[in-house]
Amino acid sequence: MKANSDKSKQSNKATRRVLAGVLCGASVLSLVLSLVMPPISQAIANDAEAGAAEETVAAADSSTESTDVENTNNGDAENRNSDDAEGGEGEDAAAADLPADDTGAESAAQPADDGQSVYKAVTVANEGEARKLEIDSEGYALLKSDEDLSTYLDLPAAEKPAKLRLTADISSSNPILINHDTTIDLANHKLYYSNGNPKQETKEPVCAFITISKGYTLTVKGEANDSKTEATSGEPGQPAEMQFIDESVPQSLTYYVTESTPNGFGTRETTYQHTVANFGAIVACKKGYVNQVISVEDGGTLNLQGGMITTPRPLGNDGHVIFSQGIVNISGGYVTNGSGGGWGGGLCVTGANASLEMTDGVIAGNKAASGGGIYADKGAALNLLGGVISGNATYANVINHGENTYDGGYELHPKTWTA
């Protein structure tokens, strides 16, 4: 009996060693699975915890070692379950150690709260930043679209760039206030004001596309192709004419200049037709009526060096292409097509602090009750040193004392100069 008991014990020990090896391998496999497949590992760990609670009770009842095969098998099963429970606890411990690393790894791959990746979320946040204008090599801020112009207009005066250059035709539905020194290079493009007053007779409030504030200067630059040929008729005094596409897009200007050349003891007069094309322009407006395309306040300054200032539509009540109580210097460019408004279809220069100096450029194709091209009064100073004033006109109706009938009809003020 003792020998059999010893053999049984040895057999039991051998069996336990085999099962221990198997269970150890299973524990290693379980640990690997817990690293590779955390959700499955978590489920196994939960089952192991439930099994561990049951096996603790069973282990308490199994305090003696049985000598028969059945007791041996029961003991082996209990030991196996106990080892499984320990393996489960090991898995729990490993799982407890994982979140710190897995959380970081998973968060990098997990979508943000709004369903976007982290990178995309940062990009979306950056989209809320203010648009920035591109600056070219000459220091000009480039206006490539209506949105770029809106961005410029929304900037505080201290942050607005001093030089603007158009790279496309753009429009604004809002008037532009020049409240810091500004240069606009039209660069053969058009700057449009899209909407004016719905009624032509509206006088107040004044509708002006660009207003130059006191103490500030606007300089307008631009190129144009101005070609001339000898006029077929040769008659001086022919009217100038603007051509528009779709009643809003300026296409060309035709005007005439009579030149004198020495001819023996006298002169020979030759009339040339000038055709202007491929130009940049400030245009107001596509719809409705403006009283002034550009308004210069007392103390403000307009330097017209190139490009064209024009309107495709009749001006509003008491309207002018340029109205100035400040300083206007014209050394290039064109002022055209002002009609249907007040005195001075092209320019009205008024007030003791107002002045116009013209050294080059063209004022053509304007019409008014008085001073089709230029009207000046109330002490305004004119210094006409060069340039061309051609093809402007007054209405056929006589000047009277009535209201504006848009075909003549204003009282003539004293001390005026018109052209």
Out of all the residues in region 245-271, which are in a strand (DSSP E or B), closer than 30 Å to TYR192 by Cα and of a type in the set (Gly, Ala, Ser)?
-> SER252
Just give me the residues in region 359-381 being closer than 19 Å to GLY332 by Cα and either in contact with an Asp or Glu (Cβ under 8 Å, 6 or more places away or on another chain) or crowded, with 24+ Cβ neighbours inside 10 Å (or both), in sequence order.
-> VAL362, ILE363, ALA364, GLY365, ASN366, GLY373, ILE374
Does region 182-190 contain any residue that is acidic (Asp, Glu) and touching a residue at least 24 places away in the same chain (Cβ under 8 Å)?
-> yes
Residue ID - modelled with the lowest pLDDT, chosen from residues in region 324-341 that are of a type in the set (Ser, Thr, Tyr) and crowded, with 21+ Cβ neighbours inside 10 Å = SER339
Residue check, SER194 against (1) more than 23 Å from LEU164 (Cα to Cα); (2) modelled with pLDDT under 95, all met but one. Which one?
-> (1)
Name the one entry in LEU149, LEU191 that is of a type in the set (A, V, I, L, M, F, W, C) and either farther than 19 Å from PHE323 by Cβ or not assigned by TED's automatic domain parsing to the domain that holds PHE323 (or both).
-> LEU149
Among residues belonging to region 217-244 that are hydrophobic (A, V, I, L, M, F, W, C) and in a strand (DSSP E or B), point out the one that is surrounded by the most Cβ atoms within 10 Å (Cβ to Cβ).
-> VAL220
Taking into account only those residues within region 252-310 that are touching a Pro at 6+ places or on another chain (Cβ under 8 Å) and charged (D, E, K, R), which is surrounded by the most Cβ atoms within 10 Å (Cβ to Cβ)?
-> LYS286
Region 149-177 residues that are more than 19 Å from ILE212 (Cβ to Cβ), paired with ones that are assigned to a helix (DSSP H, G or I) and not β-branched (Val, Ile, Thr) (beta carbon under 7 Å, 6 or more apart) | ILE170/ASP146; ILE170/LEU149; SER171/ASP146
When residues of region 373-395 are limited to those that are in a loop (DSSP other than H, G, I, E, B) and more than 39 Å from the chain's Cα centre (by Cα), the one nearest to THR275 (Cα to Cα) = GLY391
In region 331-365, which residues are part of a loop (DSSP other than H, G, I, E, B) and either under 35 Å from the mean Cα position of the chain (by Cα) or outside the structural domain of GLY222 (by TED's automatic domain parsing) (or both)?
-> ASN337, GLY338, SER339, GLY341, GLY345, GLY346
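For (1) in the same structural domain as VAL388 (by TED's automatic domain parsing); (2) under 27 Å from the mean Cα position of the chain (by Cα); (3) farther than 27 Å from ALA381 by Cα, each residue gets a yes or a no:
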{"residue": "SER233", "(1), (2), (3)": "yes, no, yes"}
{"residue": "THR267", "(1), (2), (3)": "yes, no, yes"}
{"residue": "THR270", "(1), (2), (3)": "yes, no, yes"}
{"residue": "THR310", "(1), (2), (3)": "yes, yes, no"}
{"residue": "ASP318", "(1), (2), (3)": "yes, no, no"}
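Okay, residues lined up against (1) at pLDDT below 95; (2) out of contact with any helix residue (DSSP H, G or I) (no Cβ under 7 Å at 6 or more places or on another chain):
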{"position": "ASP84", "(1), (2)": "yes, no"}
{"position": "ALA94", "(1), (2)": "yes, no"}
{"position": "TYR119", "(1), (2)": "yes, yes"}
{"position": "ALA158", "(1), (2)": "yes, yes"}
{"position": "PRO161", "(1), (2)": "no, yes"}
{"position": "ALA168", "(1), (2)": "no, yes"}
Check whether at least one residue in region 260-268 is on the phi > 0 side of the Ramachandran plot and not polar (S, T, N, Q), and report yes or no.
-> yes
Exception for SER145 within (1) out of contact with any Phe, Trp or Tyr (no Cβ under 9 Å at 6 or more places or on another chain); (2) farther than 22 Å from MET308 by Cα; (3) not hydrophobic (A, V, I, L, M, F, W, C) falls at (2)
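The values are calculated or read from the model by the stated rules, or taken from the named source; none is laboratory data. On a predicted model such as this, the values are computed, not experimentally measured, just so you know. No Cβ is skipped: glycine too gets one built from the backbone with ideal geometry, and neighbour counts run over all protein chains shown.
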